[in-house]
Each structure stands twice: as structure tokens, then as C-alpha cells.
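Trainee: Sending over a structure as C-alpha cells; questions will come in a sec.
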Amino acid sequence: MNLKEFLDHLNSGLPVIGGSETHLFMHKMSQEALQITAELNSAYHTPEEICALMEKLTGEPVDESFAMFPPFYTDCGKNITIGKNVFINAGCKFQDQGGIRIGDGTLIGHNVVMATLNHDPAPEKRSTMHPAPIVIGKNVWIGAGATLLAGVTIGDGAIIAAGAVVTKDVPANTVVGGVPAKFIKKINSSEEV
């Protein structure tokens, strides 16, 4: 299996069966991600060095407008797409096997978790994992300590309150919060938050 075949499998939503070729390749990718994130998190890096390490981690170009405050953690890295003018604050954890797409202008607070894999609910199949993407629109603000679960889409301009657990899609230009996250209010473009 190669990286393209691996990503095609995950991005098609096919399950990853424990012990399968895809599962073993996932472990190989995890080791590479652990090496790169250890380098990212172990010393000070200039903004340019952080962009270069994220390009190495994701295997994709990262715009020079990208900014991050490490530490940052992932067990894959190869299924993250980052738009322009994105900021990721310290302590974030991305489980990106199912795909994480971050739109332009998005701000991600401290200790945000994005999880794109679910284990099978049947006890005898618990080692099987089901990938589903997290898609984040443009100009989204994700508050500190929020958790986004597999399969959710966050609309443009939305705000995810600190500590929220997002289990369902969030419409554009709305504020959601709580556990599970629920609609709080609509955002007017000129409104002060």
C-alpha cells in the first residue's frame, strides 16, 4: 500500500479493519507523524520553520500566512488541508485519518481536539475504525478546549464556544456551545461578540 491508496481508502469512507493492510499502513504513518511532531514540539522554531515542518507533516504546501503556536499533536498528518491565514494555538490534537479541511481565515484556540475516526460499536469489531471528515469553512473561530467529532461540517463564519463538543453540522454565521453543542445565536456581519 502507498500513501495515495491509503488516503483514497480513508477518504472514500471505507472502514479500517484491525490488522488489515490499511491498518498496518496507518501505524507506519503514525510513526512518521510522531517523529515530525516531536521535532516541531521539542524546540523553538521560527514561523518559517513551522510552515516547513507542517509541509513535511501534511505532505502539502502550507501558505506563508499560516501560523501556529506549538505544541501540536497528530497521529497521521497526511490528511490535513490548511487554507490561508489560518492560526492554530498551542496544545491542539488532530486525529486526521478521516480528513480535516480548514478554510481560509480560521482561528483555532488552545487545546482543540479534532477526531475523525470512530471505533465500531460492536464489541467483537471494536478494532475496526470508521473514518469521516471534519470540514471547517472560512473565517471560523473555534474556542479553546472545543472538540469536533467525525463527520461534522462547520459553516463559514461560525463560532464554536470554548469547551463545546460538536457532534452535528454547524450552520454558517452561527454561535454554538455546550455538550453536545447547540445553537446559541445567529451572527450579524457587523455584530460585536
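Trainee: For the chain, what proportion of DSSP beta bridges, expressed in % and rounded to the nearest 5, is antiparallel?
Mentor: The antiparallel fraction comes to roughly 20 percent.
Trainee: Here's another thing I want to ask about it. When only Cα pairs under 8 Å and 6 or more residues apart are kept, what is the percent relative contact order across the chain?
Mentor: 14 percent
Trainee: So what does the Cα-only Debye profile of region 30-127 read at q = 0.22 Å⁻¹, as log10 I(q)/I(0), no solvent term?
Mentor: -1.15
Trainee: Would you be so kind as to identify which of G157, L40, G99 lies farthest towards the positive end of the dipole of the chain, taking Lys and Arg as +1 and Asp and Glu as -1 on Cβ and the Cα centre as origin?
Mentor: G157
Trainee: Provide the net charge surrounding T37, with neighbours chosen by a C-beta distance below 11 Å and charges set as Lys +1, Arg +1, Asp -1, Glu -1.
Mentor: Neighbourhood net charge equals -1.
Trainee: Just the number, please: carbon plus sulfur as a percent of the accessible area of the chain, 1.4 Å probe, no ligands or DNA/RNA counted.
Mentor: 58 percent
Trainee: On to the next question. Top to bottom by accessible area (1.4 Å), largest first, where do S30, S42 land?
Mentor: Final ranking, largest accessible area leading: S42, S30.
Trainee: Once you wrap a convex hull around the alpha carbon atoms of the chain, what is its projected area averaged over all directions, in nm²?
Mentor: With every direction weighted equally, the projected area is 10.9 nm².
Trainee: Now a separate question. E21 versus K93, label points 7 Å from Cα toward the beta carbon: distance in nm?
Mentor: 3.2 nm
Trainee: Place +1 on the Cβ of every Lys and Arg and -1 on the Cβ of every Asp and Glu in region 15-105, take the dipole about the Cα centre, and give the residue among G59, G18, N79 whose Cα lies farthest towards its positive end.
Mentor: The one lying farthest along the dipole's positive direction is G18.
Trainee: Accessible area per residue, 1.4 Å probe, Å², for the chain: what's the number?
Mentor: 50 Å²
Trainee: Same structure again: Spelling out what I want: for every residue of region 115-122, take phi, set θ = phi - 60°, compute 6.51 cos²θ - 1.76 cosθ + 1.60 (Karplus), and round to whole Hz; glycine and proline get x.
Mentor: Working through the residues one at a time gives 10, 10, 10, 10, 6, 5, x, 6 Hz.
Trainee: Amide H neighbours of M68 under 5 Å, at least 5 residues apart or on other chains, H built in the peptide plane: list them.
Mentor: Answer set, sorted by chain and number: I88.
Trainee: Quick one: which residues, 5 or more positions from I154 or on another chain, have an amide H under 5 Å from its amide H? H modelled 1.01 Å from N in the peptide plane, none for Pro or chain starts.
Mentor: Those lying under 5 Å, H to H, from I154 are V135, I136, G137, V170.
The values are calculated or read from the model by the stated rules, or taken from the named source; none is laboratory data. Small disclaimer: the values here were computed from a predicted structure and weren't measured. Because the Cβ atoms are built from the backbone with ideal geometry, glycine has one as well, and the counts that use them run over all protein chains shown. Keep in mind that these areas ignore ligands, DNA and RNA; they rest on the heavy atoms of the full protein, side chains included. Shrake-Rupley method; radii C 1.70, N 1.55, O 1.52, S 1.80 Å.
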